[in-house]
Amino acid sequence: MAGGSAEWLVNHLKRDPNLHFMTNDTTLFLGQWVRSPGVTGAVAPSSRRLAEAVTAPVPHRGEPVIVELGPGTGAFTAEIQRRLGGRGHHLAVEINPKLAEFLAARHPRVEVMVADAATLPGLLRERGLPYADAIVSGLPWAAFSDRTQGELLDAVATAMGPNTAFTTFAYSFAKRLPPARRFRRRLESVFEEVVLGRTVWGNIPPAFVYHSRRPRV
């Protein structure tokens, strides 16, 4: 869809009195999805309940290094910041410049990088950080090719320490579809431990979280 058509759709939805729930986050997210659905991956930000489930491994003590991949408009970012309470180093890697700009303005304590998540190990090295203590992902894994999934997960595994947790989510309705099943097999080939969390019914659409640890050698 052309840029002008995408803007017309977003403006039309904002004017619709039946869609009073649409916030600035939602309209920005929708607009970016219309332009690049394979990159943005969702038509609306994730819910607070899903954010709580995905960010559960963020340590409550110390000065942890938290990496967030594909933060979008910051649904997970806000929860990570709440859990950190001013501690540690929060690095958010967003490939979409417009979403990154929005995120940086909203969360000035977060270091927002416009970069490909596959470059994560290099981004950490540039900052003198040996590894991340937790990696939280909002990337649209099911939309990626098998090769891209492999490259991204290799980057994630390389950036993990012995006790690092990696979390990401998927939509429940797609759990049995080939792309989702392929991604789960890929996760299990990269990590020794892959646990599926409970369905978060409060999200639209309902979703569940993958909890992964201990990358295979």
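The values are calculated or read from the model by the stated rules, or taken from the named source; none is laboratory data. Bear in mind the structure is a predicted one, so any value in this text is a computation, not a measurement. Neighbour counts are summed over all protein chains in view; Cβ atoms, including those assigned to glycine, are modelled from backbone coordinates with ideal geometry.
Here are the numbers for the structure shown:
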| read-out | value |
| --- | --- |
| Cβ-Cβ under 6 Å pairs, at least 6 apart or on other chains, segment 106-121 side assigned by TED's automatic domain parsing to the domain that holds residue 66, far side surrounded by fewer than 17 Cβ atoms within 10 Å (Cβ to Cβ) and modelled with pLDDT of 95 or more | 114/97; 118/151; 121/158 |
| Test: residue in segment 42-65 that is at negative phi, modelled with pLDDT under 50 and surrounded by fewer than 20 Cβ atoms within 10 Å (Cβ to Cβ) | yes |
| Residues located in segment 164-213, provided they are touching a residue at least 40 places away in the same chain (Cβ under 8 Å) and within 16 Å of residue 134 (Cα to Cα) | 164, 165, 166, 167, 168, 169, 209, 210, 211, 212, 213 |
| Residues satisfying the stated conditions in segment 59-86, i.e. touching a Pro at 6+ places or on another chain (Cβ under 7 Å) and either outside the structural domain of residue 140 (by TED's automatic domain parsing) or under 27 Å from residue 162 (Cβ atoms) (or both) | 77 |
| Close pairs (6 angstrom Cβ cut-off, 6 or more residues apart or separate chains): polar (S, T, N, Q) in segment 125-143, surrounded by fewer than 24 Cβ atoms within 10 Å (Cβ to Cβ) anywhere | 137/168 |
| Residue in segment 141-153 that is basic (Lys, Arg), more than 22 Å from residue 72 (Cα to Cα) and surrounded by fewer than 16 Cβ atoms within 10 Å (Cβ to Cβ) present | yes |
| Which listed residue, of 182, 176, 213, is modelled with pLDDT of 95 or more and either out of contact with any Leu (no Cβ under 6 Å at 6 or more places or on another chain) or part of a loop (DSSP other than H, G, I, E, B) (or both) | 213 |
| Residue in segment 151-165 that is farthest from the chain's Cα centre (by Cα), counting only those that are within 16 Å of residue 217 (Cβ to Cβ), of a type outside the set (S, T, N, Q) and assigned to a strand (DSSP E or B) | 162 |
| Single residue of segment 185-199 satisfying the filter (among the aliphatic types (A, V, I, L, M) and either assigned to a helix (DSSP H, G or I) or at pLDDT below 95 (or both)) that is nearest to the chain's Cα centre (by Cα) | 187 |
| Scope segment 47-104; condition under 24 Å from residue 116 (Cα atoms) and assigned to a loop (DSSP other than H, G, I, E, B); matching residues | 55, 57, 58, 64, 70, 71, 72, 73, 74, 88, 95, 96 |
